1. Residues in segment 447-469: is at least one closer than 21 Å to PHE395 by Cα and either modelled with pLDDT under 50 or in a strand (DSSP E or B) (or both)?
2. Condition first: surrounded by 21 or more Cβ atoms within 10 Å (Cβ to Cβ) and out of contact with any strand residue (DSSP E or B) (no Cβ under 6 Å at 6 or more places or on another chain). Now tell me which residues in segment 307-321 satisfy that.
3. Looking only at residues in segment 201-256 that are of a type outside the set (Val, Ile, Thr) and within 16 Å of ligand 1 (Cβ to nearest atom), which one is farthest from GLY503 (Cα to Cα)?
4. Are any residues in segment 190-212 more than 16 Å from ligand 2 (Cβ to nearest atom), in contact with a Lys or Arg (Cβ under 8 Å, 6 or more places away or on another chain), free of Cβ contacts under 8 Å to residues at least 60 places away in the same chain and within 15 Å of VAL269 (Cβ to Cβ), and if so, which ones?
5. In this structure, does THR229 turn out to be at pLDDT 95 or above, closer than 30 Å to VAL369 by Cα and either over 20 Å from the mean Cα position of the chain (by Cα) or not assigned by TED's automatic domain parsing to the domain that holds ASP504 (or both)?
6. Would you check if LEU215 is of a type outside the set (Gly, Ala, Ser), in a helix (DSSP H, G or I) and either under 18 Å from the mean Cα position of the chain (by Cα) or within 16 Å of ligand 2 (Cβ to nearest atom) (or both)?
7. Is there a residue being of a type in the set (Val, Ile, Thr) and either closer than 17 Å to ILE438 by Cβ or within 15 Å of ligand 2 (Cβ to nearest atom) (or both) anywhere in segment 333-344?
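The values are calculated or read from the model by the stated rules, or taken from the named source; none is laboratory data. These numbers were taken from a predicted model, which means no experiment stands behind them. A quick note on method: Cβ atoms are made from the backbone with ideal geometry, for glycine too, and the neighbour counts reach across all protein chains shown.
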Amino acid sequence: MSAKAVYLETFGCQMNELDSDLVRGQLAALGYRFVPTADQADVVLYNTCSVRDLAEQKVRSRLGEMAVRKQQESSLVVGVLGCMAERDGTDLLRRMPVVDILCGPAELDKLPGLLDNAVRTRASLDGELTHEQSAKAVALQGSASRRTGTLAAAEDRLELLDLSRTVSPTDHNGSSYVRITRGCNKFCTYCVVPFTRGAEVHRPPDHIVDECKRLADAGVIEVTLLGQTVNHYRFEQGAAVTVGGVTQPQKGRSYQGGHRRDPFTGERVTTFADLLKRIHDEAPGIQRLRFVTSYPRDFGDDVLEVMRDSPRICRYLHVPAQSGSDTVLKRMNRGYTVSEYLEFVDRARAFLDQPEIGRPLMVAGDMIVGFPGETDEDFEASVQFLRRVKYKNCFIFKYSPRPGTVAFDRIPDDVPDQVKRRRNNELLAVQNEMSDKIAQSQVGATLNVFVEGLSAHERKRQAPVAASGGVSLTISGRQVGEGGTSIDEAPVGAAQLCGRTDGDLIVMFDTPAGAAPDDLIGRILPITIERASALTLFGAPASK
Ligand code: 5AD
Ligand code: SF4
């Protein structure tokens, strides 16, 4: 059989982007080749997100397009991976018969088998396949993931998938994600993640540190650690289970605070602070270490101290608050009050905000508007909250009721969509004002910028070049130029590059005369900021 061409599109979060990277590595090792558009592909895979209905709608519309194509081309294989596969389950197969493969986020190690099955079934039936005949390939965890007691076998297999990751020195743009924790135990009432990704499981620290070292050896200089509540990371060596010589991931218990070791039993606990310090010290090639997403409670001074004392750990926290009203936070089951949140942000700033040495602390957040029962007063409290916290940027979402969650079942979605929309726009305007103030305060400063690739504007400008042979690909969610998109073929004028500061501020600048973008992408350069808009800084390489 000739190498099957696969198109993989990713929706949603960074965790999904990492999953897609792993899927790509796994399938490429088996001889599948990846193509940049669906119409060139024999196999179309969507790695989906279920956090809001809008994300699911996008996938449904893609599936509709594929259904039309499949009428002419019955050999086409279509797979839905990720949270939507897990949440919708076999219902999705009934409603969308175009789907051949369903694979939940905790079952991705099974994808090669499912895909092989689906491809062979289609090949053997040679175009004669009706939907009734077509065998569907399904791997979902169902409710197994939340079983208590011993580790589910699925977690061990998933760990092997993370461990199997191969990184070649040429297939990255210098930045990579590393998972430290899977799943979530928080059960915020609006959120599907604990259902789709299962119970919280922490990866063994040695595996994480080794992965960072391997990435560094392959030339990666920026690592973002991923977990739904990263600061809850905790691994007990004393309780670690080893199977076939491989230490297994460990179920999260209810969080017990920062450094809690028992010297008498000799229990050795790796806390999040320990993990950060180990990666920082043992993989010094990683020049930028960041992590998302932080949970605003249980964030000990131990972590802040390690951040302060480790020059390669970024001064950046993404710590969603979701609301500025205590009553709403309670209904969301967030487990903290507004004043506890503010105490945390103030404490983090006291430890880490050092603009005088060019290292301001940047804080980013997430807010939901229109959660059931949110009154005008609650909303006004969120407005005041944004003014007080001063996020660098904040993602603002309209509440989207998700089937299966507590809020969906028990709290009527009583804020009209029009009110949600108005509140969304109002909060965005306030955040924009705050982001703009922070951005303007950077004008004149020289900041170290990690150069990620051509700016979106530049990619558009060079589009005819890309169409005539150059390809672009996304690694870790960031668009980078590859191969054919060389500067020799680029339109006249300096190419605009895009990068980020240690505090995650986006910076654009023109390639300096005499340099080619490819020489700069993946490096850290000092850039002097000349002007700013709310979400972007513009500058030029600092003269030596
Ligand atoms: N509706 C709206 N926003 C949601 N989020 C999670 N679930 C929902 C929902 N049902 C947002 C939260 C979270 C981010 C990843 O998505 O703000 O932090
Ligand atoms: Fe969802 Fe809450 Fe877990 Fe975040 S902490 S993934 S919002 S349940």
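1. no
2. VAL319, the sole residue that qualifies.
3. The residue in question is HIS232.
4. Correct list: ARG203 only.
5. Answer is yes for this residue.
6. yes
7. Checked segment 333-344: no residue is of a type in the set (Val, Ile, Thr) and either closer than 17 Å to ILE438 by Cβ or within 15 Å of ligand 2 (Cβ to nearest atom) (or both).
Yes or no, residue by residue, for (1) closer than 26 Å to GLU86 by Cβ; (2) in contact (Cβ under 8 Å) with a residue 40 or more places away in the chain:
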position	(1), (2)
GLY373	no, yes
LYS390	no, yes
ARG402	yes, yes
PRO416	no, no
ARG421	no, no
ASN425	no, no
